[in-house]
4 protein chains.
Amino acid sequence: MIFDHPWLGPLFGDPATVDLWSADAQLCHYRAFEAALANALAACGHVPAHQGRDAAEVVERAEIDIASLAEASLRDGLPIPDFVWQLRSQAGADAAAIHTGATSQDVLDTALALTLRQVTDMLMDRLQALDARLARLASEMGDAPLMGRTRMQAALPITVADRVRSWRQPLRDHMSGLDASRPRVERLQLGGPVGTRHGFGGDGERIAAHMADALGLSAGPVWHTDRSAVAEYASRLSLITGSLGKIGQDVALMAQQGLDEITLTGGGGSSAMPHKSNPVLAELLVTLARFNATQLAGLHHALIHEQERSGAAWMLEWMILPQMSVATARALGAAQDLCSRIERLGS
Amino acid sequence: MIFDHPWLGPLFGDPATVDLWSADAQLCHYRAFEAALANALAACGHVPAHQGRDAAEVVERAEIDIASLAEASLRDGLPIPDFVWQLRSQAGADAAAIHTGATSQDVLDTALALTLRQVTDMLMDRLQALDARLARLASEMGDAPLMGRTRMQAALPITVADRVRSWRQPLRDHMSGLDASRPRVERLQLGGPVGTRHGFGGDGERIAAHMADALGLSAGPVWHTDRSAVAEYASRLSLITGSLGKIGQDVALMAQQGLDEITLTGGGGSSAMPHKSNPVLAELLVTLARFNATQLAGLHHALIHEQERSGAAWMLEWMILPQMSVATARALGAAQDLCSRIERLGS
Amino acid sequence: MIFDHPWLGPLFGDPATVDLWSADAQLCHYRAFEAALANALAACGHVPAHQGRDAAEVVERAEIDIASLAEASLRDGLPIPDFVWQLRSQAGADAAAIHTGATSQDVLDTALALTLRQVTDMLMDRLQALDARLARLASEMGDAPLMGRTRMQAALPITVADRVRSWRQPLRDHMSGLDASRPRVERLQLGGPVGTRHGFGGDGERIAAHMADALGLSAGPVWHTDRSAVAEYASRLSLITGSLGKIGQDVALMAQQGLDEITLTGGGGSSAMPHKSNPVLAELLVTLARFNATQLAGLHHALIHEQERSGAAWMLEWMILPQMSVATARALGAAQDLCSRIERLGS
Amino acid sequence: MIFDHPWLGPLFGDPATVDLWSADAQLCHYRAFEAALANALAACGHVPAHQGRDAAEVVERAEIDIASLAEASLRDGLPIPDFVWQLRSQAGADAAAIHTGATSQDVLDTALALTLRQVTDMLMDRLQALDARLARLASEMGDAPLMGRTRMQAALPITVADRVRSWRQPLRDHMSGLDASRPRVERLQLGGPVGTRHGFGGDGERIAAHMADALGLSAGPVWHTDRSAVAEYASRLSLITGSLGKIGQDVALMAQQGLDEITLTGGGGSSAMPHKSNPVLAELLVTLARFNATQLAGLHHALIHEQERSGAAWMLEWMILPQMSVATARALGAAQDLCSRIERLGS
C-alpha cells in the first residue's frame, strides 16, 4: 500500500516498476501466453492453421471484463478460469484453440517470467548507472583521505577511493548474477493440469519450444512445484538491496556531526528543527534492505509446494515478490539520487 | 499492491481496513493531533484561549495541497514538516498555536495510535462474529464423528465438536489480548524534537493529558524509541492469522478426497478441470498466516531505534504494519466466509 | 552450536540458561510429570492409592538408559514412548499408574512449561538487576550533557539522564509483561492422545487440577494445537533483546571517535591494531537482537499445527525456542556487564 | 543446542557436519591460514625464506591454550588476537612472519571458506546419492498409478514416475548451483586491518595468489564487507531444504489413511497409540525446510556491514550459517533414509 500512497509513494515506490506488475501489464502477458499457445497448437497441427491464427487474434483484441475477473478471482482463487471463459465465448468456433492443454498456473507463471524479464532489464540498467556514478565519484573525490573504521572504531587512514571500491564491488556481481539467472527465470511454464503436458499428446515439448520462442523465453521442464528459480531471484533482489543498505548505512554514519565525512545537498527538513538536514535517502536504503531481507524468508517458506500444484504456497509468492522487486528498483533509484547529492566525501 | 489490485484485491484485500490507512484517514488524524495540541496549549495557558481555539479551527478546515505533501515527503522523508507549514501559512497570527513544542514523529505516531484503535475495533468485531459462527457450527454439527489425527495419521475417533473447540479456543485469548493491549497501543505520542517535552516548559505532562483526553488515547511516557507496543501489536496480528491458518489447513486437509470430512459450497473452479472445487479460502488462510509470520520479523528488527529517534527503523514499520493489519482483517473475513460455506462436517 | 562452543560459548552463550534446557533438566521434568500423573490418578481413584505412590517413586528413581532414548527418538521422533516403556518395565504391577491416559506431547509440553518458568525467573532477576544498574548510572552521571540525535543527526542538547531513561523504560514493561504471561505459559498440558482427555473418564479436569497443583502450574484447557502462548513468549524474548539491541547500538555510536560520548573499560583488542578498543559487548547486543528477531518468524510459522497434533510444526519449536531463551539471557548478562564497564557518559 | 543433544541430536543433527564446524577443525583452518601467509611472505621476499618456513612450522605444531582463547574471545569478541599472540610467543624471532599484514577477519573468513568447501563436498555427495535413490524408486515403482492432486484436491491420474520426477528436478539444479558457487565461496580472505592490503607494500595480490594456491582457494578481491557470497550460499542451503521439504510434505500427505499412497517401514511409535506409525522423517524434512527458510532472513539482514568491517553483522553470520549447514546435511541424510524405507508408492 505504501508504494502507491499519495505522499509516501514517491519516497518508497517506483512507478515504473509498479507498472510492470499492473493489471494492464499482467493482462497483456496473459494474452501473450494464450496467443502463443494458439499459434503453437496450429504450428504443431493440433488445430487447423487458420483456427490458431484466428484464435490468437481474438485473444489479442478480446474485450476483457475486469469486474468479472475480480468476482471470479474471489471465487476461484485466480482470474484465469474466467479469463479463458471470456476469451472462448468471444472466439466462437476458434475456442478450441484457446487454453487447450494448459492450466491456470501455466498462464500466471509465464506472465511472471515475462514480468521478471522486464524487471531484470530495469535493474540491469540501474545497476550499470549506479556503478558508473560511483566510478565518477571515485575519480572525482577518490584521493580524499578518510579514516578507515572497523567495528565502528577508527582504525587506520584509507582514501575515499577505498571506501567507494567496497561499494562498487558487489554491484558487478549482482549484474553478472542477474544475467546468469535469465535462462532459469525467464522460462515458459507449460505443464497442463497436473504438470505432465498430457493434453498435448506427445507434442508437449514441441509446443513448449514453439511458445518459448515466440515469447522470448527459455523452454525447459515444467516448474509448477519447483520454485527454486523464483526464490533465487528473490534472493538476488535482497542481495542488491543489502549491498545498497551498506552504502546507506555508511553515508548515514559519515553524515554524523563529529565525523563530517560527507556533504549532501537537499537533505530532509524537520518540523521542529529547521537547522537539521536528515540523510533521508541513506536511511531509506537501510530500510529497503531490511524490508527485502525480511520478505525473503516468506518466499523460502513458499518453496514447499505440495503434490502437483499448491494454492497456499503459490499465493504467498504473489503477495511478496512484486513488493520485493519494487523495493529493489526504488533502492537503486534512491542510491543514484543519493550519489548525485554528494558534494564532498572524505575528511 | 495486491491489496487493492483490480482482481486480486477482492481475494487478498479488505477494503474497510485499507481505508483506515488511506491518505484521507491519516490526514484526518494529523488534523486531530494538531487541533488537540492547539486546544491543550490554550488550556494550559501557553497561548491565549482564542488563539488555541482559532488555530484548532484552521487545522480542521485548512486546505491541504497533497501534491506538495508528496514532493515534501520525498525530500524530508515524511509529510509533516510541509503539512505544518501549510497549516501555519493559513493560520496567520494563530500559527503560534500550531505544532509548537511537537515534532513530526509525535503526529505520525499519534495517527498510528488512532488508526490501530480502529483496527482493533474491527478485529474485535470480527473475532466475535467468527467465534459465534463457530459456536453455531459446533451446535449444529458437533455430534458428528470425526477421526482424530495426529502427526497426520489417524489416531482415535473424536467428534466435530472437539475439532471446532480447538479452533475457537485461541480466538478468546486473542480478544482478551487485543483488549488488554489497548492502553499501551492507543497511546498519545508527545515528546517534542528529542523526546523530552522541553518545549512545553514544565507543562508537558499536563498538555499530554489534555490531548490524550481529547483524542481518547492514554497518556503515558514518550515512546519515540520504545517500539515494544507496536511490535507486540504486530505479534498479536500474527497470532490471529496463525490461529486462522490452522483452521484453513485443517479444512484443506478435511476436503481431500479420501478423507471427505467436509462439504463446502461455492469452491473455486479450475481452468482445466471443471470437476474440481478448490478450497480457495482455506488455502488463503494458510497464505495469510505465513505472510504475517514472515512480516513479524521485520517489525522486531525495527525495534532497534538508535539514539533519540530513528529514521531507518521507523520507516520499516510504515512498510509492514499496515499490510499485516489488512492481512489479519482479511483472514477474519475469509474465515467467516469459509464457515458459512460449510454444509457438512465430519465423516 | 555457538552457545557451548569452546571459545565462542563464553561470548554468545549463557551456561545457566543452557543448563535449564539440558538433557538432565528435561529428564527431571519428564519424571515430575509422570509422578504427578501417578499421584493424581490415585487421588482421583483411578488407581489404588499405594499403586500411585509406588509408581511415583519408581518414576523418580528409575534408571533411564539414555542411549536407548536416543535410538528411540530417531525412530519415534521423540523420546517419550521409550521413556515410558523404560519406566513401566521397572514398575512391575505399578505400570498401570504410569502415563495412563496421557500422550507424549503432554509430557514434553509440560516439561516446556516447567522450563519456561525457570527461564522467566532468571530473566526477571536479570531485568531487575539491569534496571537497577541503569538507575545507578543515571544517578551518577545523569546530569552530564549529551547531544540529542535524531535520524543520526545532531538535534538538540539533552542529558545523559534523558538517554538512560529511554533505555530503562521498556525494561519495566518487559518485567510486567513476563509476569503477566506466567499463567498462560506455566500451564500444565494434559490432553491425552487426541486432546480430549477421554482416557480419564469424566475426571480429566480433576486430574489436571491435581497435577497442576503438584507441579506449580496453572490448569486450563488443552493447548496441543494452540501454540499462542509459546509464540507470545518468544515475542517477549525478542522484545527484550530488541530493547537491549537499542542500548547496544547507542553505545556503539557513542563510542565513535568524533562523538566520544562514552568511556568503556576493557574493550576488545584487535590482532592488527593494538591501539583499538572495540565495543564488543555493545555489538553483541545488536547481534542478539537481530538473531531473536529472525527466529521469531519461525515460531509464528509454527503456529499452524494441523488437526489434533502436529509433528512438523511442533519440532520447529524445539529447534528455535531454546536458542531464543539463551540469546535473551545472554543479552541481559552482556548488558549488565557492559554497564559495569561504563566509566563516563556524556560529552 | 538441539544438534548435539543426547537424544534429539540423532534426529535433528548430523555429526559429520557438526564436526566440520568443531573447534578442532576451525583451529586447524586458522593454522592453515597463518602457515600459508608465512610461506607467502617468504615467497614474496617479505621475510627471509627460512623465517617463513620456520614460522609455518611453528604455526602448525604450536600448542594452543583453549582456555586462553575462550577468555580472550569474551574480551576481544573473537579468538584471533590471542591465537596470534600464542603463536608469536612460541615463534621467537620468527614471529615477524606470523600474521604480518593480516587482520582477524582474514583468518576467520578464510577458515569459513575452507569449511564451506568441505560442506559443499558433503552436500554434493548426498545430493548425488539422493538423486540416485530417487531414480531407483522411479525405475522400480514408477509405473504405479497415482492420483495427481492440485490445491490439495484430486485432479487427474498421473504415475509415480511423474511425482518422483518433480522431486528429482530441483536436485540437479542444486548440484550445478553449488558447483557454480565454489569459486565465489571458496575464496581467500586477505585484506589487512582496513581491507586495503596496505601492509604488504604493493605485493598484496601476489601474496594473496600464493596463499590461495596453497590453500586450494580462489584469490580475488577482499570481501570483508561484501557478504553476498555468504548470503547466496545460505540461500542455496535453504533451496535444498525447501526442495526436500516438498518431498517430506508429499510423503506425509501420501501416508494419510484414506489416501494410502505409500507404505513406509519403521515409522515412529506413539506413547499412547501402539497402532500408529508416524512419518517422522517426512515431518522432519518439513521442519528443517522451515528452519532454514527462517534463518535465511538473518543472513540477509547481516549483509549490512558498515564501514570497513562490522562486528555486529558479522557475528550474526557465525550464529546462523553453521546451523543452516547442519540442517541441510541432516535433511539430505533424512531424505535418503526416508527413501530407503519406502516399500510401496502409488495407489
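The values are calculated or read from the model by the stated rules, or taken from the named source; none is laboratory data. As the structure is a prediction and not an experimental result, all values here were calculated from the model. Don't worry about glycine lacking a Cβ; one is built from the backbone with ideal geometry, like all the others, and counts go over all protein chains shown. Heavy atoms of the whole protein, side chains included, go into the accessibility calculation; ligands, DNA and RNA do not. Shrake-Rupley method; radii C 1.70, N 1.55, O 1.52, S 1.80 Å.
Taking every residue in segment B:219-235 that is at positive phi and pairing it with any residue that is surrounded by 24 or more Cβ atoms within 10 Å (Cβ to Cβ) and part of a loop (DSSP other than H, G, I, E, B), at least 6 positions away or on another chain, the pairs with Cβ-Cβ distances below 8 Å are B:Gly220/B:Leu188. Looking across segment C:199-211, the residues that are outside any loop (DSSP other than H, G, I, E, B) and either among the polar types (S, T, N, Q) or more than 19 Å from C:Ser104 (Cβ to Cβ) (or both) come down to C:Glu205, C:Arg206, C:Ala209, C:His210.
Each residue in segment B:265-291 was checked for being closer than 17 Å to B:Ile342 by Cβ and either touching a Pro at 6+ places or on another chain (Cβ under 6 Å) or among the small types (Gly, Ala, Ser) (or both), and 5 pass. For segment B:271-300, the tally of residues that are among the charged types (D, E, K, R) and either open to solvent by less than 10 Å² (accessible area, probe 1.4 Å) or in contact (Cβ under 8 Å) with a residue 60 or more places away in the chain (or both) stands at 1. When the criteria are applied in full, A:Ala62 fails the requirement of being surrounded by 22 or more Cβ atoms within 10 Å (Cβ to Cβ), farther than 28 Å from A:Phe291 by Cβ and among the small types (Gly, Ala, Ser). Screening B:Ala40 with (1) within 13 Å of another protein chain (Cβ to nearest Cβ); (2) assigned to a helix (DSSP H, G or I) gives one miss only, at (1).
Only one entry of C:Ser238, C:Ser218 meets the criterion of being at pLDDT 95 or above, under 25 Å from the mean Cα position of the chain (by Cα) and more than 8 Å from chain B (Cβ to nearest Cβ), and that entry is C:Ser218.
Residue-by-condition table, conditions (1) closer than 18 Å to A:Ala214 by Cβ; (2) of a type in the set (Gly, Ala, Ser):
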{"residue": "A:Asp19", "(1), (2)": "no, no"}
{"residue": "A:Ala35", "(1), (2)": "yes, yes"}
{"residue": "A:Ala40", "(1), (2)": "yes, yes"}
{"residue": "A:Arg53", "(1), (2)": "yes, no"}
{"residue": "A:Ala56", "(1), (2)": "yes, yes"}
{"residue": "A:Glu60", "(1), (2)": "yes, no"}
{"residue": "A:Ile64", "(1), (2)": "no, no"}
{"residue": "A:Ser73", "(1), (2)": "no, yes"}
{"residue": "A:Asp76", "(1), (2)": "no, no"}
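So for segment C:261-270 (the condition being facing another protein chain (nearest Cβ under 7 Å), open to solvent by 10 Å² or more (accessible area, probe 1.4 Å), in a loop (DSSP other than H, G, I, E, B) and touching a residue at least 24 places away in the same chain (Cβ under 8 Å)), does at least one residue qualify? Looking through segment C:261-270, at least one residue is facing another protein chain (nearest Cβ under 7 Å), open to solvent by 10 Å² or more (accessible area, probe 1.4 Å), in a loop (DSSP other than H, G, I, E, B) and touching a residue at least 24 places away in the same chain (Cβ under 8 Å). Among the candidates D:Arg206, D:Arg309, D:Arg227, D:Arg197, the residue that is over 30 Å from C:Asp76 (Cα atoms), at the interface with chain A (Cβ under 8 Å from one of its Cβ atoms) and open to solvent by 10 Å² or more (accessible area, probe 1.4 Å) is uniquely D:Arg309. Comparison of B:Pro79, B:Pro48 shows that the only residue that is modelled with pLDDT of 95 or more, open to solvent by 10 Å² or more (accessible area, probe 1.4 Å) and either assigned by TED's automatic domain parsing to the domain that holds B:Met211 or more than 26 Å from B:Glu205 (Cβ to Cβ) (or both) is B:Pro48.
Among the residues of segment A:92-103, those identified as surrounded by 24 or more Cβ atoms within 10 Å (Cβ to Cβ) and either under 27 Å from the mean Cα position of the chain (by Cα) or not β-branched (Val, Ile, Thr) (or both) are A:Ala97, A:His99, A:Ala102, A:Thr103. Out of B:Ser325, B:Ser340, one residue alone is farther than 30 Å from B:Gly142 by Cβ and touching a residue at least 12 places away in the same chain (Cβ under 8 Å). It is B:Ser325. Scanning segment D:173-191 for residues that are surrounded by 19 or more Cβ atoms within 10 Å (Cβ to Cβ) and more than 9 Å from chain A (Cβ to nearest Cβ) turns up D:Leu178, D:Val185, D:Glu186, D:Arg187, D:Leu188, D:Gln189, D:Leu190, D:Gly191. Identification of helices (runs of 4 or more DSSP H) wholly contained in segment A:45-163 with 1 or more residues that are within 13 Å of chain D (Cβ to nearest Cβ) and in contact with a helix residue (DSSP H, G or I) (Cβ under 8 Å, 6 or more places away or on another chain) yields A:66-76, A:80-91, A:104-141. Sort out which residues of segment B:51-71 are more than 26 Å from the chain's Cα centre (by Cα) and of a type in the set (Gly, Ala, Ser), and write them in order of number. Within segment B:51-71, B:Gly52, B:Ala55, B:Ala56, B:Ala62, B:Ala67, B:Ser68 qualify.
The combined condition, being within 14 Å of chain B (Cβ to nearest Cβ) and modelled with pLDDT of 95 or more, is fulfilled by A:Asp14.
Cβ-Cβ distances below 7 Å connect the following pairs, each with a first residue in segment C:176-191 that is within 20 Å of C:Glu34 (Cα to Cα), a second residue that is open to solvent by 30 Å² or more (accessible area, probe 1.4 Å) and assigned to a helix (DSSP H, G or I), and a separation of six or more residues or different chains: C:Glu186/C:Arg117. Of the residues A:Leu253, A:Leu244, A:Leu284, the single one that is more than 7 Å from every other protein chain (Cβ to nearest Cβ), part of a helix (DSSP H, G or I) and more than 30 Å from A:Ile207 (Cα to Cα) is A:Leu244.
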